[in-house]
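Notes follow the structure.
The values are calculated or read from the model by the stated rules, or taken from the named source; none is laboratory data. Quick caveat, the model's predicted, so the values are computed rather than measured. Neighbour counts are summed over all protein chains in view; Cβ atoms, including those assigned to glycine, are modelled from backbone coordinates with ideal geometry. In case anyone asks, the SASA skips ligands and DNA or RNA and just uses the protein heavy atoms, side chains included. Shrake-Rupley method; radii C 1.70, N 1.55, O 1.52, S 1.80 Å.
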Amino acid sequence: ASVKNPQGKEINRQFHNGKQAGFIRKKYRMLRRKLGQSKKVKAIKNINDKEQRWMTDLNHKISRQLINLAVQEQVGTIIMENLENIRNTAKSINRADRNIHSWIFYQLQQFIQYKAELAGIKVEYINPKYTSQSCSKCNKIKKSNRKANLYSCECGNHIHSDLNASRNIANKYLEQQSA
Ligand SMILES: [Zn+2]
């Protein structure tokens, strides 16, 4: 997340590492596969419920930390991408996994939205087109600038690709406001 003032200057940022969530999901996937071979339907359902509770709990924690930051920095509006983009970034994984993947992000957005509203913060969604491919510093669009976690542009912008996308999301909204 990137926190920007109305002039577009970043005043704070926050990272949430998806690694732990990925690790837990891999563990449950392996458990399911094992049980799938022995057709233990009830045990598989228990595992699914457990994984869902774990992810829900994580989403509560992440959304809480984001809202705490927003309150601390007196943020008036939180900007998020609409969900289409999340499905696209997940296209390398299989369909069942993709469904879980988009469910997790959808739930996270819902949690952020209702906690923001409780804190009196507005929530807006923008079209995610090019937010991960554009340079947040010089606006150049180049897909190959993004390599996994790193966004690297000829203009000298070398930053975490998620931070780059976060800045683009904020910039896009600010541009719309001034247009
Ligand atoms: Zn650039």
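How many residues does region 53-78 hold that are free of Cβ contacts under 8 Å to residues at least 24 places away in the same chain and open to solvent by less than 90 Å² (accessible area, probe 1.4 Å)?
Qualifying residue count for the region: 2.
Scan region 110-158 for residues that are polar (S, T, N, Q) and in contact with an Asp or Glu (Cβ under 9 Å, 6 or more places away or on another chain) and jot them down.
Just the residues of region 110-158 that are polar (S, T, N, Q), to begin with: 110, 113, 127, 131-134, 136, 139, 144-145, 149, 152, 157.
Within region 110-158, Asn127, Thr131, Ser132, Asn145, Asn149 meet the criteria.
Within region 140-156, does at least one residue satisfy the condition of being away from the ligand (no atom under 16 Å from the Cβ) and charged (D, E, K, R)?
no
Under the condition of being in contact with a helix residue (DSSP H, G or I) (Cβ under 6 Å, 6 or more places away or on another chain) and modelled with pLDDT of 85 or more, which residue from region 82-107 is farthest from Val123 (Cα to Cα)?
Here the answer is Ile104.
When both residues are 6+ apart or on different chains and their Cβ atoms are under 9 Å apart, which pairs have a first residue that lies in region 135-147 and is under 15 Å from Asp162 (Cα atoms), and a second that is basic (Lys, Arg)?
Cys135/Lys142; Ser136/Arg167; Lys137/Arg167
Can you find even one residue in region 126-133 that is open to solvent by 90 Å² or more (accessible area, probe 1.4 Å) and away from the ligand (no atom under 15 Å from the Cβ)?
Yes, region 126-133 has at least one match.
Out of the residues in region 157-178 that are open to solvent by less than 20 Å² (accessible area, probe 1.4 Å) and part of a helix (DSSP H, G or I), which is nearest to the ligand (Cβ to nearest atom)?
Filtering first and then ranking leaves Asn164.
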